[in-house]
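The values are calculated or read from the model by the stated rules, or taken from the named source; none is laboratory data. Predicted model, so just to flag it, every value in this text is computed and none were measured. Here the Cβ is made from the backbone with ideal geometry for all residues, glycine too, and neighbour counts use every protein chain on show.
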Amino acid sequence: MIKSLVARIRRGDGPFWGFIKRQLKWTLQLHLPVFWLTRPFFSFCYYLHVFLRETWLRLARFFWYEPLFRSQCERVGRGFQMETLPYIHGTGAIVVGDNVRFGGKPVFIFGNCGDQRPEITLGDGCFLGHLVILSCAHQINIGKYCLIADNVQISDYDGHPLQAARRRAGEPTPVENIQPVLIEEDVWIGRNAMILKGVRIGARSIVGAGAVVTHDVPPDVVVAGNPARVVKQLLPQPVESSSHS
């Protein structure tokens, strides 16, 4: 009965249902008026809201999120900044350099299927965007001053065996399918890119948004596409470490 009533109102058939439909649309468009008299009040409320929100977030980061994350790391360097508590699944080593920043909620996934303890290393001055996923069964090493945009996925293993029977049996990734990932200094990885196992990305290179990197990338190039290919050569411009101080 309720669905039939809603359908009649949406169709607005006839004078009565048409009137009901118009009145409901008018009601849904109502809002509190903001004009010269009320604008100062709502403007004050806006800044009060922002102040309270930012104050709460800063307190939560200082007293709760950051200590919890630091407790799960081997080392966290000076000048570390984060917004909210990252998601960590499994057990492994996380080493964070100086002046590393997290934007939003990065994700650390340890696939404990290899012979060694997994380790994720973030070099000085790195930035990880929102929902960056680092899936590590052996080693992911991100060099200094790398920029990793939102939704990037980096993995040093396949996640499951290639054989369907082994997947159905719930077997982990074979050790031979685990290959470390190395990202050298000053690399920029665009939004939604994927870096697969065994890949080495050369210094100062750029990975385009949405690219799927399956092979090594030389220094000072731009790669894009699926699979990623070199689309532009950059002029080698080594960055002096002192320029970042």
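Worth pointing out:
- Subset of region 192-210 (residues that are buried (at least 17 other Cβ atoms within 10 Å of the Cβ) and within 12 Å of ASN151 (Cα to Cα)): ALA193, MET194, ILE195
- Among residues of region 18-37 that are under 16 Å from LEU5 (Cα atoms) and free of Cβ contacts under 8 Å to residues at least 12 places away in the same chain, those with a beta-carbon under 9 Å from a residue that is outside any loop (DSSP other than H, G, I, E, B) and of a type in the set (Val, Ile, Thr) at least six positions away or on a different chain give the pairs ILE20/ILE9.
- Scanning region 125-171 for residues that are assigned to a strand (DSSP E or B) and in contact with a Leu (Cβ under 6 Å, 6 or more places away or on another chain) gives PHE127, ILE140, ASN141, ILE142, ILE148, ILE154.
- Residue among GLN139, GLN163 that alone is of a type in the set (S, T, N, Q), surrounded by fewer than 17 Cβ atoms within 10 Å (Cβ to Cβ) and either on the phi < 0 side of the Ramachandran plot or without any contact (Cβ under 8 Å) to a residue 40 or more places away in the chain (or both): GLN163
- Single residue of region 186-215 satisfying the filter (within 15 Å of ILE140 (Cβ to Cβ) and in a loop (DSSP other than H, G, I, E, B)) that is farthest from the chain's Cα centre (by Cα): GLY198
- Among the residues of region 86-124, those that are hydroxyl-bearing (Ser, Thr, Tyr) and either not assigned by TED's automatic domain parsing to the domain that holds VAL175 or not in a loop (DSSP other than H, G, I, E, B) (or both) comprise TYR87, THR121.
- For region 185-214, the set of residues classified as on the phi < 0 side of the Ramachandran plot, of a type outside the set (Gly, Ala, Ser) and touching a Pro at 6+ places or on another chain (Cβ under 7 Å) consists of VAL212, THR214, listed by residue number.
- Screening the candidates ASN151, ASN141 for the property of being closer than 17 Å to GLY202 by Cα, modelled with pLDDT of 95 or more and not charged (D, E, K, R) yields one hit, ASN141.
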